[in-house]
């Protein structure tokens, strides 16, 4: 559940989303090998020091240390090592939740495109008062805040891929070192309930989803525009099986849902039944939101929960939910799905493991910027984080090291 009554400030939404899939291949960019030789007046000898990524040789005149891998350490009044840490420019691999996928995939599309500073449509840094005086391309700028040098040409400093599966898969793969970032629409504590400790998971919340209750359009057109919380529980326990019991047509109810490994389902049963492992009775389960939305639209008697990003599916209609005396409805200005009290609200997570690397921080920081929230979150019909929550999330990132 989110913390504030207004989880989202509705800001201007861009009407474009980068199209195309995000496919990455390993690339190493800007990995020069600098050397620092200590040929001084001291007792240093000639040692080959390892310089790394970056700006070449660092020459320090004076009493600098020349650390070499050859004949030992020499403290001389000459040239010391230029030691610079080598940045990891291998592919950033992420994946998991189909709910988080639209946000992450849009962000990765922009990252891969690495549009120049002159392209104000896709990279409007001036509009957001971003300090980009060097006029770096999009990915070059965000990666540069964490020490990455721009690559040659239009390629980003490192590639970023986004896989599509389930939340459970995302958190397990980041735990096992198969992903750099594991996307999840459920809390890791609910996705992996048998763990003794979750300390090594770092939770980066990038957006908020208020799960709507949706029906096949034929049911809404027949007059079912609202149900109660008890109705919802009864539907998912098999205690209501005909729409006539809810003021609708004399048709059997087809209750649909997500697969048990899905963060969307985990969040739903946790919020409705206060138990992430609650058993429910559904006609069919679907592995991805896309397929679930399609199934609802193709039926004439279905009901389900769904991620907000898929509400624009033809044949799918959101209905209101009355919960503990308050009625919540999609786009209601007072009691909308972004309300703190809405029972089906949930955070969208991008988990890292055992800290957050500079590479991971580069993309998460971009998504937590005003630019990222407006460009990647809002156009996908999710709720942006308010200023307080953005600052809380940014505080989890490592210190920046601009180049």
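The values are calculated or read from the model by the stated rules, or taken from the named source; none is laboratory data. Since this is a predicted model, take the numbers as computed values, not measurements. Counting neighbours? That spans all protein chains shown, and the Cβs are built from the backbone with ideal geometry, glycine included.
Applying the condition of being modelled with pLDDT under 50 and surrounded by 22 or more Cβ atoms within 10 Å (Cβ to Cβ) to segment 73-108 and asking which residue is farthest from residue 122 (Cα to Cα) yields 74. Screening residue 171 against (1) without any contact (Cβ under 8 Å) to a residue 24 or more places away in the chain; (2) buried (at least 22 other Cβ atoms within 10 Å of the Cβ); (3) over 24 Å from residue 370 (Cα atoms) leaves a single unmet condition, (1). Answer with yes or no whether residue 156 is surrounded by 24 or more Cβ atoms within 10 Å (Cβ to Cβ), in contact with a helix residue (DSSP H, G or I) (Cβ under 6 Å, 6 or more places away or on another chain) and part of a loop (DSSP other than H, G, I, E, B). Yes, satisfied. Within the option set 321, 308, 348, being within 22 Å of residue 165 (Cβ to Cβ), surrounded by 18 or more Cβ atoms within 10 Å (Cβ to Cβ) and modelled with pLDDT of 95 or more holds for one residue only, 348. Which of the residues that make up segment 368-390 are in a helix (DSSP H, G or I) and either farther than 18 Å from residue 129 by Cβ or in the same structural domain as residue 318 (by TED's automatic domain parsing) (or both)? Across segment 368-390, the qualifying residues are 376, 377, 378, 379, 380, 388, 389. If you go through segment 135-153 and keep only what is surrounded by fewer than 17 Cβ atoms within 10 Å (Cβ to Cβ) and modelled with pLDDT under 95, you end up with 152, 153.
Name every residue in segment 237-258 that is surrounded by 18 or more Cβ atoms within 10 Å (Cβ to Cβ) and either more than 22 Å from residue 287 (Cβ to Cβ) or touching a helix residue (DSSP H, G or I) at 6+ places or on another chain (Cβ under 7 Å) (or both), in order of residue number. Scanning segment 237-258 gives 240, 243, 246, 248, 253, 255, 256, 257, 258. The residue of segment 271-305 that is surrounded by the fewest Cβ atoms within 10 Å (Cβ to Cβ), among those that are within 15 Å of residue 167 (Cα to Cα) and in contact with a helix residue (DSSP H, G or I) (Cβ under 6 Å, 6 or more places away or on another chain), is 276. Is one or more of the residues making up segment 179-191 surrounded by fewer than 23 Cβ atoms within 10 Å (Cβ to Cβ), at pLDDT below 95 and in contact with a helix residue (DSSP H, G or I) (Cβ under 7 Å, 6 or more places away or on another chain)? Yes; the residues of segment 179-191 include at least one that is surrounded by fewer than 23 Cβ atoms within 10 Å (Cβ to Cβ), at pLDDT below 95 and in contact with a helix residue (DSSP H, G or I) (Cβ under 7 Å, 6 or more places away or on another chain). Take the conditions assigned by TED's automatic domain parsing to the domain that holds residue 229, modelled with pLDDT under 95, buried (at least 22 other Cβ atoms within 10 Å of the Cβ) and assigned to a loop (DSSP other than H, G, I, E, B) and apply them to residue 338. Does it pass? Spelling it out, residue 338 is indeed assigned by TED's automatic domain parsing to the domain that holds residue 229, modelled with pLDDT under 95, buried (at least 22 other Cβ atoms within 10 Å of the Cβ) and assigned to a loop (DSSP other than H, G, I, E, B). Can you find even one residue in segment 198-218 that is without any contact (Cβ under 8 Å) to a residue 40 or more places away in the chain and out of contact with any helix residue (DSSP H, G or I) (no Cβ under 7 Å at 6 or more places or on another chain)? Yes.
I'm trying to understand the selection: among the residues of segment 159-168, which are crowded, with 24+ Cβ neighbours inside 10 Å and either in a strand (DSSP E or B) or without any contact (Cβ under 8 Å) to a residue 12 or more places away in the chain (or both)? 160, 162 - these are the residues of segment 159-168 that are crowded, with 24+ Cβ neighbours inside 10 Å and either in a strand (DSSP E or B) or without any contact (Cβ under 8 Å) to a residue 12 or more places away in the chain (or both).
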